[in-house]
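As structure tokens, the structure follows; a few thoughts come after it.
The values are calculated or read from the model by the stated rules, or taken from the named source; none is laboratory data. Since we're looking at a predicted model, the values are computed, not measured. Neighbour counts run over all protein chains shown; Cβ positions are idealised from the backbone, glycine included. Just the protein is used for accessible areas: all its heavy atoms, side chains included, with ligands, DNA and RNA removed. Shrake-Rupley method; radii C 1.70, N 1.55, O 1.52, S 1.80 Å.
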Amino acid sequence: MLQRRRLLQAAAGLGVAGLGAPVLAQSGGKILLGQSAAFSGPASALGEQFRKGAMLLFDRVNAKGGVNGRTIELQSLDDGYEPDRCGANTKKLIDAGVFALFGYIGTPTSLAALPLATQAQLPFIAPFSGAEALRTPFNRYAFHVRASYFNETAEIVKQLTAVGIRSIGVFYQNDSYGKAGLEGVTRALKPFDLQPAGLGTVERNTVDIDAAVKSIMAGKPDAIVQISAYRSCAAFIRAARKAGFGGTFYNVSFVGTAALAKELGGDARGVVVSQVMPFPFTASSPVAGEYLAAGQAAAGDKFDPNYSSMEGYVAAKAMVEGLRRAGARPTVDGLIAGLESMRELNLGGFVVDFGPQKHTASKYVDLTILSADGRVRH
């Protein structure tokens, strides 16, 4: 931390504004944000789309002069959805003097990065994860824009039990992400005196799902909740259907709806995905209309709206508002105070509600269903 403070002071000849709150001191009047995400490997679509959505907003803000006269630069490093690489990337970003960490992708990677951010006294904002382990215990430097996996799995179980389905299997990634989702399902089933009807796992960044199919099918579930990335979930869906499963598959938002639909093709029909962001395909909300307009202006007919890039866009809106409230000479303390002052703030159909002891902005969850042509319906 001392090395980082000296670097910041040397860069602009500025002192510090208080312990843990260095004045932003980056060349060219820029605000440098750091991101480690999957831009290669089986989860690459998630990192790519989240970043595209965030850059739509940041580019728009920069074109109008930035935030309080400062433009935003997002430095992104590829971690392939592997915790060790993410930790190394995070150290590089901290050494480079980023002002905050933003838009990390995934639970195991974010869990590797958050202690480093906390030690460096850097805000860790809008990770693309709903894991409770990132939210509890309360961390002054961590801010979550999206709903949690507990929120998502509770909504899934609520719908399933409402239509009389009580035999529910769980296919999950064998890491902190998958286990967080499994815990969410188990917690949601408990009030109904139920337990998962069958469990099966897959290793991160693989599609070795045969043992999981066999294990879960032995429990004869009527529905299967999936807590993994899009390629392994798609592989599991095909194999389970081939094995005779005739029920419904439910996925949490991290799966990447567009990526899952593309991976499945015509096999996507009837697959349910919970969502934590506004519907991105039509201007059904002000923020969706703004997102679509920005995407079309940037890419024209090549723009492909999806939930992952919508999340990046919404997260960037929250980031920009926090920076705006931090003032013309932002400090870490100022950014934290700015974010915490965003009480019941409507970003255009998506409400952000932070507070001094509340760093989870939303509990919004919607359930959508995929069609055979890859479209998403409410």
Practice prompt. Taking only protein heavy atoms into account and a 1.4 Å probe, give the accessible area per residue of region 50-96 in Å².
Written response: 46
Worksheet entry | ³J(HN,Hα) computed for each position of region 372-378 - Karplus, 6.51 cos²θ - 1.76 cosθ + 1.60, integer Hz, glycine/proline x | 5, 8, x, 6, 10, 10, 5
Item to complete: Looking at the chain, send over the antiparallel percent of its DSSP beta bridges, to the nearest 5.
Response: 25
Worksheet item: What are the extents of the Cα atoms of region 265-308 along their three principal axes, listed from largest to smallest and rounded to whole Å?
Response: 32, 22, 15
Response to the item:
Note, Ala162: beta-carbon cut-off 14 Å, +1 each Lys/Arg, -1 each Asp/Glu, net 0
Discussion item. When a/c reaches 1.5 or more, the comparison of a/b and b/c decides; with that in mind, is region 134-263 rounded, prolate or oblate per its Cα gyration tensor?
Written reply: oblate
Discussion item. If each residue of separation counts as 0.36 nm, what is the full-extension length gain between Gln159 and Phe192 once their alpha-carbon separation is subtracted?
Written reply: 10.6 nm
Worksheet, complete the sentence: With +1 on the Cβ of every Lys and Arg and -1 on the Cβ of every Asp and Glu, the dipole magnitude of region 131-232 about its Cα centre, in debye rounded to the nearest 20, is 220
Worksheet item: Going by alpha carbons, how many degrees (0 to 90, nearest 10) lie between the helix axis of 83-95 and the longest principal axis of the chain?
Response: 10
Discussion item. Run the helix sum for the chain: -39,500 (n - 2.57) per DSSP H stretch of 4+ residues, divided by residue count, reported at 222 nm to the nearest 500 deg cm²/dmol.
Written reply: -13500 deg cm²/dmol
Worksheet item: Can you tell me the accessible area per residue over region 185-245, all protein chains present, probe 1.4 angstrom, in square angstrom?
Response: 50
Worksheet item: Across 5 Å bins from 0, what is the distribution of all Cα-Cα pair distances for region 44-130, in whole percents?
Response: 3, 14, 25, 24, 18, 11, 5, 0
Discussion item. With the cut-off at 1.5 for a/c, could you classify region 168-223 from its C-alpha gyration tensor as rounded, prolate or oblate?
Written reply: oblate
Discussion item. If amide hydrogens are placed 1.01 Å from N in the peptide plane, which non-local residues have theirs closer than 5 Å to the one on Val225?
Written reply: Gly169, Val170, Phe171, Tyr250
Response to the item:
Mean projected area, convex hull of alpha-carbon positions in the chain, reported to one decimal in nm², is 17.6
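I need the Kirkwood Rh of region 285-378: take the reciprocal of the average 1/r across all distinct C-alpha pairs and report it in angstrom.
It is 15.1 Å.
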Discussion item. Accessible area of region 92-175 with a 1.4 Å probe: how many percent of it is carbon plus sulfur?
Written reply: 54
Worksheet item: Stretch Leu345-Leu367 to full length: gain in nm at 0.36 nm per residue minus the Cα-Cα span?
Response: 5.6 nm
